[in-house]
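Down below is the structure, laid out as structure tokens.
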Amino acid sequence: MKPTAIECTRCEVVADLPEDRDHSHLWDAGWRWIGTEGLFSCPECPPVVVVDEAGFHLRP
Ligand SMILES: [Zn+2]
């Protein structure tokens with residue numbers, strides 16, 4: 001069974017995942033994640049991923 005929500009690794013805020021699995025609105029809202037490591041950050045917390053000017057995803 002796939003998860004229906006993501007939870008901030010730091011503060012445990014939860015956001016529901018859309019049924020169509022389109023994560024883009026969560027990303028646009030400020031959520032960041034590294035799925036392979038199970039790390040998630042909500043808009044209020046320091047991001048687990050930083051996107052540089054070239055579009056590369058970096059660990060802060
Ligand atoms: Zn948080």
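Please treat every number below as a calculation from the coordinates, not as lab data. It should be emphasised that the depicted structure is a prediction, and the values quoted were computed from it without experimental measurement. As a convention, Cβ positions derive from the backbone with ideal geometry for all residues, glycine included, and neighbour counts pool all protein chains shown.
Please identify the chymotrypsin sites (Phe, Trp or Tyr not before Pro) of segment 13-60 that satisfy two criteria: DSSP loop assignment and at most 15 other Cβ atoms within 10 Å. Which are they? Of the chymotrypsin sites (Phe, Trp or Tyr not before Pro), the ones in loops of segment 13-60 whose Cβ has at most 15 other Cβ atoms within 10 Å are Phe56.
Taking 0.36 nm per residue of separation and subtracting the Cα-Cα distance, full extension of the segment from Glu19 to Glu7 would add 2.7 nm. Across segment 4-15, rounded Karplus estimates of 3J(HN,Hα) from the backbone phi angles (6.51 cos²θ - 1.76 cosθ + 1.60, θ = phi - 60°) give 9, 8, 10, 10, 4, 5, 8, 10, 6, 5, 10, 10 Hz, Gly and Pro being marked x. Residues whose amide H falls under 5 Å from that of Leu39, counting only those 5 or more places apart or on a different chain, are Ile34, with hydrogens built in the peptide plane. Here, the chain has an Rg and a Dmax of 11.4, 36 Å when only alpha carbons are counted. Whole-Hz Karplus values for segment 30-35 come out as x, 6, 9, 7, 10, x Hz, taken residue by residue from phi with 6.51 cos²θ - 1.76 cosθ + 1.60 and θ = phi - 60°; glycine and proline positions read x. The loop-placed trypsin sites (Lys or Arg not before Pro) in the chain, going by DSSP, that have at most 12 neighbouring Cβ atoms within 10 Å of their Cβ come out as Arg21.
The GluC sites (Glu not before Pro) of segment 19-60 that DSSP puts in a loop, and whose beta carbon has at most 12 other beta carbons within 10 Å, are Glu19, Glu44, Glu53.
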